[in-house]
Amino acid sequence: MAEPIVEVRNLRKTYGPKVAVDDVSFAVQPGEIFGILGPNGAGKTTTVETLAGLRQADGGAVRVRGIDTQRDPAAVKDILGVQLQEATLHDKITVGEALRLFAGFYADPADPAELLRLLDLTEHADKQFAKLSGGQKQRLSIALALVGNPEIAILDELTTGLDPQARRATWDLVERVRATGVTILLVTHFMEEAERLCDRLVVIDAGRVVAEGTPSELIDGLEDGRTVVVRFAPEDAGRGAAVLADLAERHPDVRQVEPVGDGAEVAVTGSRRVLFAVVPTLAEADLVPDDVRTVTRTLEDVFLAVTGRTYTSEELTEGAPR
């Protein structure tokens, strides 16, 4: 394996009595999309801002290309491109003006026109910042993070506030940026986003790393269980629920049975063989369901398994560490 391009070891950051980042460690390989996933307020933004030298750590070490960013943040200015969660620009500056202005901060900047093409902003080059849509502002943020020709781009909560279509379009852009050779450190509280984009990730909760690996490794590492959801026609819903209700007491491969959705569905959870318990029970009762499906496990299930609680992505409260 190549030398990590980013190393974080035992990072700690406090705000008075509040511990925002508590012994966080991870390493990022060149060319990866590496995710930092967790609910809002978990310490994700504090971690990457400390990594970028924008905050002072209270303990631990952070290095980019072997450079200690706490001691010499200026030394990584041309290596790191940062798109911050709450960054904004003057309302009247145009897209093209912003790119040319930021390009002037670097000795060897990227071609602004090429960035406009890469991020589908060419036709908006003369549009003022205040008149951009949310998705256009996010694409401009990415362009500004890349204008210095960085080796690494930190993208913090890139798609917050975007509608589903704009979010997916932004995911496509992130993959295009990685294809140019840029290593991406992606900070997000969206499970689907992390699962779709990240080669590897850490899950952070309350300032601590609670899981690390590829999305598939984390999901496959869950307990070997399955959930089967059975949907009945409206006229069979009551009888179907009754037939399955006590299956957990009657069958060793079933742990839990509960109604879901509009009442016409029943979720049956148990071992990998839970389907073999459900189908014969329905056949014995002469019940033909409208649909039977095995529920796909996700990173949300991983979070539940390692923390013991349901994942929530509530908005930040004012003053809370990020």
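Computed from the coordinates by the stated procedures, all read-outs in this text should not be read as laboratory data. Quantities reported herein were computed from a predicted structural model and do not represent experimental measurements. For neighbour counting, all protein chains shown are included, and Cβ atoms are generated from backbone atoms with ideal geometry for every residue, glycine included.
Things to note:
- Cβ-based net charge around A245, under 11 Å, with every Lys or Arg adding one and every Asp or Glu removing one: -1
- Extension gain from D68 to R100, taking 0.36 nm per residue of separation minus the Cα-Cα distance: 8.6 nm
- The region of the chain that goes longest without hitting one of the chymotrypsin sites (Phe, Trp or Tyr not before Pro) in a DSSP loop, each with at most 16 other Cβ atoms within 10 Å, is 107-322.
- In the list (1) 63, 39, 32; (2) 53, 49, 37; (3) 76, 46, 41, the label attached to Cα extents along the principal axes in Å as derived from the coordinates here is (3).
- Residue with peak Gaussian network fluctuation, the chain [Cα springs, cutoff 10 Å], from A145, A130, A245: A245
- GNM flexibility winner over the chain from V95, V230, V182 (Cα, springs under 10 Å): V230
- Spin-label pair L275/D23, simplified geometry with 7 Å Cα→Cβ offset, distance in nm: 4.2 nm
- Region 38-116 versus region 191-224: alpha-carbon centroid distance in Å: 25 Å
- When the alpha-carbon atoms of region 49-174 are used, the pair Rg, Dmax equals 15.1, 46 angstrom.
- Placing dummy labels 7 Å off each Cα toward the beta-carbon, the span from Q256 to I93 is 5.0 nm.
- Kirkwood Rh, Cα atoms: Rg over Rh of region 2-74: 0.96
- Checking the cross-link pairs K77/K127; K18/K44; K92/K137; K13/K44 against a 23 Å limit on the alpha carbon distance flags K77/K127 as lying beyond it.
- Among H124, H90, H189, sorting on how many other beta-carbon atoms sit within 10 Å of each Cβ, with the fewest leading, yields H90, H124, H189.
- Residue of V288, V210, V64 that the Gaussian network model of the chain assigns the largest fluctuation, springs spanning Cα pairs under 10 Å: V288
- Only aspartates and glutamates eight or more places from K131 in sequence, or on another chain, were considered; those with a Cα closer than 19 Å are E86, D91, E97, D120, E123, D163.
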